[in-house]
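What follows is a single structure, written as structure tokens, with notes after it.
The values are calculated or read from the model by the stated rules, or taken from the named source; none is laboratory data. This is a predicted model, so every value here is computed, not measured. Positions of Cβ are generated from backbone atoms using ideal geometry, with glycine treated the same way; all protein chains shown enter the neighbour counts.
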Amino acid sequence: MTVLNSPSARTASRPSATAPRTNRATASKLRGRLPGIMLIVAAAVFSIVPLISMLTAALAPQGSIPQGLSWPADPQWHNFIDAWNVANITVLLQSSILIVLGVVPISLLISTMAAYAIAVLRIPLGRIFFLLLLLTLTLPYEITIVPLYQQVRELGLLDSQLGLILPLIGLNMPFAVFWMNAHFVTTPAELSEASSIDGASAWKSFLHIHLPLAKPAISSLGLLMFLSTWNTFLLALVLINDPDKRTMAGALQAFQSKYSTDIVLLNAGALLLMAPTIIVFLLLQKQFSAALLQGAVKG
Amino acid sequence: MSTHIGTKDQAARTVRVQRRPGRRTFRFRRWAGWLFALPALAFYGFFNLRAILQSVQYSFYEWNGIGASTFVGLQNYIDVFTQPELLRPLINAFYLILFFTVIPVLFGLVAAATMRTMEGRFTGALARTLLFLPQIIPGAAAAVAWSWMYSNNGVINQVLRAVGLDSLTRAWLGDFDYALSAVGFIGTWLSTGLCTLLLISGIGKIDTALYEAARLDGANAVQQFLNVTVPGLRRELGVCVTVTIISALASFDVVYLATQGGPGGTTMVPGVQVYLLAFNDARLGAACALAVVLAVLIVAIIVPLQRLFQERES
């Protein structure tokens, strides 16, 4: 952290310098704020430095040995085009999107239905099912990989996206049902009572009353699932040999071992591989921040 | 949470009693509700629960994945605790908690406590965005970024040279003494932003009257911090600690891409060792035993922590 002190101090002092009218009250207020602002700025700088360092390295001339943080005299933007081709980004994008589309909608649907059955319909033994899910919620993926490999091989789905999609749906269930259950227990009980008196079937009340109400919870869950699916690494490594069929995160391993000596291309490719999630995050920032903070609290 | 469910249960029960005549159809309907839960149960049962149980089963066998398997009882578990190459990753994982959990949470706490004295919104949108970034990118990408940061020409060495500490420069991830801490520091990078934002958002919810009261009672800043801030952040602290401990103990992506456990096994963690045992050394039984031990350790740590952090809430 000491490393970051100098740049942070410089940036932090800026607000006080530009403070409107050196009113004594605001000045003292700012002085009170300074330590806090400095800490936050330090943390923010700390968060971004590795990425900036990657960017400057990625823009250096190919074959040169770039230095940690130094803007190249002649930024080589075409390095990104070369890395795009070398890392096979087009194929990887398709593969990742296919996996996300295979995992997220189905996971959302069936976990919402299950949580509805447990929390609203109060199915018999539903609590036990829920407790079982809760019990496995904190277990690491490591405990599933060996049997999953055997299972997917027996299904003949090794090395295919489907062979990754199906286990991921199963592994998503504990968190997803837990999340949706937390939503459904907050919906007033009168809602379902009223609808069952009307003679509406469970399915209709699910579709017309509970699903629309659950939309915010479902969309934040969808964002979290998109992120975790897109970033799937261990399972992709285990179940899919061909890097081109993996998620982008999974493909990074193959790319890294292939280009470990070519710092310029490696950094350009790695930046491209992480760009999609960053772009989606920047576009849906509000929703993402809410989901991440909420997700952490619920998890 | 459980209290909430309890009251709702009671509410439903009273309604049910009132509707005696339709009770049989009601019960049928309740069983029919399982149709909603079946798809989830099927996927969960087949690809999650079954795999977990099978891991436990495999852990009692010696098996190379292809040939016949031999029942060896607890031998694999004995190996986990006696063979250095299996025990060391577990010890390393606990060491990583210092970097994944302790440092980020302490930093977040201090940052939140300092921010409290500020009125209004604390951060610009930019700082918030930047703090979230490490949470968005895959751990694998973080490892690649930091491998570059730690390399001979990377930022860390560059900064050391700039301040005249040339003697300290080294290839950090290749250094027997520092590699594990260097890997751990990647975890610090991953966790700090989220912990800070969580704790800051939590501190905003603490009733300012509590601070007033403490001040009137003559509590100084440190006493206010210990008696108002920390208890008020119990829930958020619980979340930070739980999430980051799990990511420290079960880490895989970061270590696998940064060092693969090297040099000389100094950065080996259970996740990577399970993977290598199973898919490189064809020791499936030992891999599963190590994974089971890891899972049990995680539960044994998380469950009491959850209790501790939720205690006073009800």
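Numbers at a glance
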{"item": "Qualifying helices (runs of 4 or more DSSP H) (wholly inside the stretch B:41-154; at least 1 residues being farther than 18 Å from B:VAL292 by Cβ)", "result": "B:84-97, B:103-116, B:125-136, B:139-150"}
{"item": "Test for B:VAL241: is it more than 10 Å from chain A (Cβ to nearest Cβ), under 19 Å from the mean Cα position of the chain (by Cα), touching a residue at least 24 places away in the same chain (Cβ under 8 Å) and farther than 19 Å from B:ALA291 by Cα", "result": "yes"}
{"item": "Some residue of the stretch B:281-296 being surrounded by 24 or more Cβ atoms within 10 Å (Cβ to Cβ), touching a Gly at 6+ places or on another chain (Cβ under 7 Å) and either touching a residue at least 60 places away in the same chain (Cβ under 8 Å) or not assigned by TED's automatic domain parsing to the domain that holds B:PHE176 (or both)", "result": "yes"}
{"item": "Qualifying residue in the stretch A:246-264 (condition: surrounded by fewer than 23 Cβ atoms within 10 Å (Cβ to Cβ), under 12 Å from the mean Cα position of the chain (by Cα), modelled with pLDDT of 85 or more and in the same structural domain as A:MET173 (by TED's automatic domain parsing))", "result": "no"}
{"item": "Residue check, A:VAL41 closer than 30 Å to B:PRO104 by Cβ, buried (at least 18 other Cβ atoms within 10 Å of the Cβ), touching a helix residue (DSSP H, G or I) at 6+ places or on another chain (Cβ under 7 Å) and assigned by TED's automatic domain parsing to the domain that holds A:VAL185", "result": "no"}
{"item": "Count of the stretch B:155-211 residues which are more than 29 Å from A:SER289 (Cβ to Cβ), of a type in the set (A, V, I, L, M, F, W, C) and either not assigned by TED's automatic domain parsing to the domain that holds B:LEU130 or not in a loop (DSSP other than H, G, I, E, B) (or both)", "result": "10"}
{"item": "Checking A:THR90 against (1) facing chain B (nearest Cβ under 7 Å); (2) exposed (fewer than 15 other Cβ atoms within 10 Å of the Cβ); (3) β-branched (Val, Ile, Thr), the condition it does not meet", "result": "(1)"}
{"item": "Residues of the stretch A:124-182 satisfying the condition of being more than 8 Å from chain B (Cβ to nearest Cβ) and among the hydroxyl-bearing types (Ser, Thr, Tyr)", "result": "A:SER160"}
{"item": "Conditions (1) buried (at least 20 other Cβ atoms within 10 Å of the Cβ); (2) more than 30 Å from A:LEU284 (Cα to Cα); number of the one not met by B:ALA142", "result": "(2)"}
{"item": "Selection within the stretch B:253-273 - crowded, with 24+ Cβ neighbours inside 10 Å, more than 13 Å from every other protein chain (Cβ to nearest Cβ) and either in a helix (DSSP H, G or I) or not polar (S, T, N, Q) (or both)", "result": "B:GLY261, B:MET268"}
{"item": "Qualifying residue in the stretch B:218-235 (condition: buried (at least 24 other Cβ atoms within 10 Å of the Cβ), facing another protein chain (nearest Cβ under 8 Å) and not basic (Lys, Arg))", "result": "no"}
{"item": "Residue among A:SER28, A:SER6, A:SER53 that alone is farther than 21 Å from B:ARG128 by Cβ, at pLDDT 90 or above and among the hydroxyl-bearing types (Ser, Thr, Tyr)", "result": "A:SER53"}
{"item": "Selected residue [within 14 Å of chain A (Cβ to nearest Cβ), among the β-branched types (Val, Ile, Thr) and under 30 Å from B:GLY262 (Cβ atoms)] from B:THR192, B:THR129, B:THR114, B:THR196", "result": "B:THR192"}
{"item": "Filter pass, A:VAL91 being under 30 Å from B:PRO39 (Cα atoms) and either in the same structural domain as A:SER219 (by TED's automatic domain parsing) or in a loop (DSSP other than H, G, I, E, B) (or both)", "result": "no"}
{"item": "Residue within the stretch A:205-226 that is farther than 30 Å from B:TRP34 by Cβ and at the interface with chain B (Cβ under 8 Å from one of its Cβ atoms) present", "result": "no"}
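Residue-wise test of (1) free of Cβ contacts under 8 Å to residues at least 12 places away in the same chain; (2) over 26 Å from B:GLN54 (Cβ atoms); (3) aromatic (Phe, Trp, Tyr).
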{"residue": "A:GLN94", "(1), (2), (3)": "yes, yes, no"}
{"residue": "A:VAL100", "(1), (2), (3)": "no, yes, no"}
{"residue": "A:ALA115", "(1), (2), (3)": "no, yes, no"}
{"residue": "A:ILE143", "(1), (2), (3)": "yes, no, no"}
{"residue": "A:LEU148", "(1), (2), (3)": "no, no, no"}
